[in-house]
Amino acid sequence: MAITEKNIMNRLYLVAGGLLVLAIAVVVKLVDIQMVQGEKYKELALSKTEKMFTIEPNRGNLYSEDGSLLAASVPKYDIRFDAQTVSQENFENNVAALSDSLGKLFERPSSYYRQLFRKARANGNRYKLVARNVGYLDYVRIKQFPLFNLGPYKGGFIETHRVVREYPLGKMAARSIGYERVDENGYYTRVGLDGAFGETYLRGKEGKRLKQKIAKGQWKPVGLDNIVEPKDGLDVVSTIDVNIQDIAHHELLKQLEKYKADHGCVVVMETETGEIKAISNLGRTSEGKYYEKLNYAVGESHEPGSTFKLMSMVAALEDKVVDTSTVIDTEKGRYRIYDGVVKDTKWGGYGKITLSKAFAVSSNVAFAKIINENYKEQPEKFVNRLMNMGLHKKLGLPIIGEGDPVIRYPGDKGWSGISLGWMSHGYEVSLTPIQTLAFYNAIANNGEYVKPRMIQEVREGNKVVQRFDKEVLNSSICSKETVKKVQQLLKDVVEKDYGTGHRMYSKNFSMAGKTGTTQKNYVEKNPDKLAYISSFAGYFPADNPKYSCIVVIHEPDKQEGYYGADVSGPVFKSMAQKIHAISPMVDEVDNRIKEDVELDKDYQQYYAQVQKKYSTVPNVKGMSGMDAISLLENLGIEVEVHGNGKVKNQSVNQGTNIKQVKKIVLELS
Amino acid sequence: MISSSHNADKKVLEIAELNEEVRKLKSEFFEARSSVQQLKLESTLREVVAEKGLVPSQNPPRKIKVKSAE
């Protein structure tokens, strides 16, 4: 085949066409990458060299009322040792001294550390752990130890630190102080105060900072305007009083151990303001030890038993269906309502007693009878009364997990013909300890129902950002007359010798309250499973109460005892006793002495004499010895005295030049 | 221009130093405060003074206030 021009041209077109298609494909792809997918790739490129870093803010501290720390974020240090960077000379000279110092600090034999360092040195370990979780003060000391004081390069000292949340009170009030944890999905576990106030105050705001990748995998901050400054969390001052908390914790622990109880709680509240001064919750482990397991005081709603008689009493008095002097026949301690029998603890009953005595001896029959008989035609009237006092509502505490109170309404599921009779003494209703306490506090506070409060103020450094005042839920839950009557009843429980709380009586200080011994797990009617809740709710002093307090102990060992006054009472009493013992009694003494005219005149005369300037010896005859001595001695003359009384004779006569006189002898009579 | 940039650098270093100081002081405060409050607790005190045969008082202290003429 001859090579013709046409042939060549055809081939050329083919090649050119091919190139053109290729070129177009390249352009299309370029445009695609640049325009269509451009954003994505630009971001990718940037992320390799620049990155937004979050700067964690410092979490605020949680303080008690007196400024003690309850929870704080602090750095903890790990100390490591680089065994290679240290010169042989430095190592040999210092290793013994360093080991001694460390041994002393951590209470370990110094040989332990010597071996540790020698081994690290032999193995050429560059990152040998010396101590973990060291606090700041110890860290500063360790830094000053021989060898380590030479710094990171010569001394091989390496420190890393991280911020941890510390609780200086340890296990005390742990559930109420609480914590806040966040998992990888951003879900927060919030417990106690630390959890409750985390989001609003303590957490602070994260900062943002753009950083650029530089050599060796390091990141360098870029620019100034991209930064969002981290904002540290605010400090929260709670109402907890460390001293009262300490007492509450230890007293509760003592009693739980004594009665081998399952769990228990104490809450102390300031009557007027509703400030929670102490809240302690202890639960038993399988080994029989106790620790803050759950916040029972806030979370555990249970049948209150006899402490609820106060609520029934207030309702009945408000409706004027009974009075404290009404006489009730307790009928040998048994009272039948349909198929249920209400029993009194005293075998054979209390006979005919007044209602006030029935309250003091805690007669179930008397209460079942007055409530059932007076309200059975219109049970909603009784329930409405309870609801008007707010007993069916949660208190709205900041701590998460407040238990639901249960007050049933006629017609509700679970309501029956015996409900009234059982509600009257605290069954078929359910309240948390802190809800019961809030009600008792309202009685102590003359009817004003204040919300229990755990936060006092929010601070930024020393500056108060927000203050919290008392919150009144109901300015008057019942009439003044009713309050006065039930206050007397609560006093009688302790003061009268027949009262269930009389064992707690003390002549040194007063208290008022109500015992409760509630049956638990009674449905199965199995005596082995039957357990008790022993409680005591009240306030002190009985007149002008300052604090109210509730103690609830679940499932004490029945062999040891289970009555409210025996199990919970002593804790209550200790709280009352302690607070009594730390509040000084003030006696005022009037020490205004009437002015003595004669004395004043004498003094004025003497004062006038002293004011004068003397160059010669003054006449001191007739002056009192005391005045004469001070006058003459102030002139620099030695004085000798015989006798006492007024000056009769002076050995140097008036008018002699002082400079010539050394000594004067005075005769007094 | 150059001097102001150096100035800014200096400020940054100063801020870092001060921040470090704040952190140290905070930690120091925390450690000191928590050990003091631990010592102050009645339960701790009670143990310490028990060796000397002392127990907490059952009765409150009496404060005598003397009214004077002024």
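The values are calculated or read from the model by the stated rules, or taken from the named source; none is laboratory data. Quantities reported herein were computed from a predicted structural model and do not represent experimental measurements. As a convention, Cβ positions derive from the backbone with ideal geometry for all residues, glycine included, and neighbour counts pool all protein chains shown.
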Kindly list the number of the only condition in (1) exposed (fewer than 10 other Cβ atoms within 10 Å of the Cβ); (2) of a type in the set (Ser, Thr, Tyr); (3) within 10 Å of chain A (Cβ to nearest Cβ) that fails for residue B:3. (3)
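Hey, can you tell me all the residues within the stretch B:43-70 that are among the charged types (D, E, K, R), within 7 Å of chain A (Cβ to nearest Cβ) and out of contact with any Pro (no Cβ under 6 Å at 6 or more places or on another chain)?
Hits for the stretch B:43-70 are B:62, B:65, B:67.
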Residues being within 23 Å of residue A:539 (Cα to Cα) and in a helix (DSSP H, G or I): count how many of those fall in the stretch A:408-460. 12
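Quick grid of which residues meet (1) surrounded by fewer than 17 Cβ atoms within 10 Å (Cβ to Cβ); (2) among the hydroxyl-bearing types (Ser, Thr, Tyr); (3) assigned by TED's automatic domain parsing to the domain that holds residue A:158:
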site: A:22; (1), (2), (3): yes, no, no
site: A:31; (1), (2), (3): yes, no, no
site: A:63; (1), (2), (3): no, yes, yes
site: A:67; (1), (2), (3): yes, no, yes
site: A:84; (1), (2), (3): yes, no, yes
Could you run through the stretch A:316-368 and say how many residues are free of Cβ contacts under 8 Å to residues at least 24 places away in the same chain, farther than 28 Å from residue A:478 by Cβ and among the charged types (D, E, K, R)? 4
The condition of being of a type in the set (Phe, Trp, Tyr), more than 30 Å from residue A:180 (Cα to Cα) and away from chain B (no Cβ under 14 Å) holds, among A:145, A:53, only for A:145
Looking only at the stretch A:621-669, count every residue that is surrounded by 15 or more Cβ atoms within 10 Å (Cβ to Cβ), part of a helix (DSSP H, G or I) and acidic (Asp, Glu) and tell me the total. 1
Filter pass, residue A:359 being assigned by TED's automatic domain parsing to the domain that holds residue A:434, closer than 21 Å to residue A:411 by Cβ and surrounded by 22 or more Cβ atoms within 10 Å (Cβ to Cβ): no
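Within the stretch A:511-611, considering only strands (runs of 3 or more DSSP E) that don't extend past its boundaries, which have at least 2 residues that are surrounded by 24 or more Cβ atoms within 10 Å (Cβ to Cβ) and touching a Ser or Thr at 6+ places or on another chain (Cβ under 8 Å)? Please lay out each step first, then the result.
On the way: elements: A:512-520, A:531-540, A:547-554, A:585-590.
Hits in the stretch A:511-611: A:512-520, A:531-540, A:547-554.
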Quick one: residue B:19 ticks every box in (1) within 8 Å of chain A (Cβ to nearest Cβ); (2) loosely packed, with under 12 Cβ neighbours inside 10 Å; (3) among the polar types (S, T, N, Q); (4) within 30 Å of the chain's Cα centre (by Cα) except a single one, so which number is it? (1)
Hits in the stretch B:22-42 (condition: loosely packed, with under 13 Cβ neighbours inside 10 Å and at the interface with chain A (Cβ under 8 Å from one of its Cβ atoms)): B:32
Here the qualifying pairs (Cβ atoms under 6 Å; residues six or more apart or on different chains; first in the stretch A:52-77 and in contact (Cβ under 8 Å) with a residue 60 or more places away in the chain and among the polar types (S, T, N, Q); second in a loop (DSSP other than H, G, I, E, B) and surrounded by 23 or more Cβ atoms within 10 Å (Cβ to Cβ)) come out as A:64/A:240
How about the stretch A:169-193: which of its residues are within 14 Å of another protein chain (Cβ to nearest Cβ) and surrounded by fewer than 22 Cβ atoms within 10 Å (Cβ to Cβ)? A:170, A:171
Sole miss for residue A:581 among (1) farther than 30 Å from residue A:544 by Cβ; (2) small (Gly, Ala, Ser); (3) within 14 Å of another protein chain (Cβ to nearest Cβ) is condition (1)
When the stretch A:256-285 is examined, which residues are found to be in a loop (DSSP other than H, G, I, E, B) and touching a residue at least 60 places away in the same chain (Cβ under 8 Å)? A:260, A:261, A:262, A:271, A:272, A:273, A:274
If residue A:277 passes every condition in (1) of a type in the set (D, E, K, R); (2) buried (at least 19 other Cβ atoms within 10 Å of the Cβ); (3) over 25 Å from residue A:487 (Cβ atoms) but one, which one does it miss? (3)
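Looking at B:54, B:25, B:41, which one is among the hydrophobic types (A, V, I, L, M, F, W, C) and over 26 Å from residue A:75 (Cα atoms)? Give the steps one after another, and end with the answer.
Details: B:25 fails: over 26 Å from residue A:75 (Cα atoms); B:41 fails: over 26 Å from residue A:75 (Cα atoms).
The conditions single out B:54.
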If I filter the stretch A:236-253 down to residues being away from chain B (no Cβ under 11 Å) and of a type outside the set (A, V, I, L, M), which single residue comes out as surrounded by the most Cβ atoms within 10 Å (Cβ to Cβ)? A:238
Inter-residue pairs, beta-carbon under 7 Å, first in a loop (DSSP other than H, G, I, E, B) and in the stretch B:49-64, second of a type in the set (Ser, Thr, Tyr), 6+ apart: B:60/A:583
Go through the stretch A:399-427 and give me each residue that's surrounded by fewer than 18 Cβ atoms within 10 Å (Cβ to Cβ), closer than 30 Å to residue A:468 by Cβ and not small (Gly, Ala, Ser). A:400, A:404, A:406
When the stretch B:43-70 is examined, which residues are found to be surrounded by 12 or more Cβ atoms within 10 Å (Cβ to Cβ) and over 25 Å from the mean Cα position of the chain (by Cα)? B:56, B:58, B:60
Based on what the data block shows, is residue A:337 farther than 20 Å from residue A:564 by Cβ, buried (at least 21 other Cβ atoms within 10 Å of the Cβ), of a type in the set (Val, Ile, Thr) and assigned by TED's automatic domain parsing to the domain that holds residue A:265? no
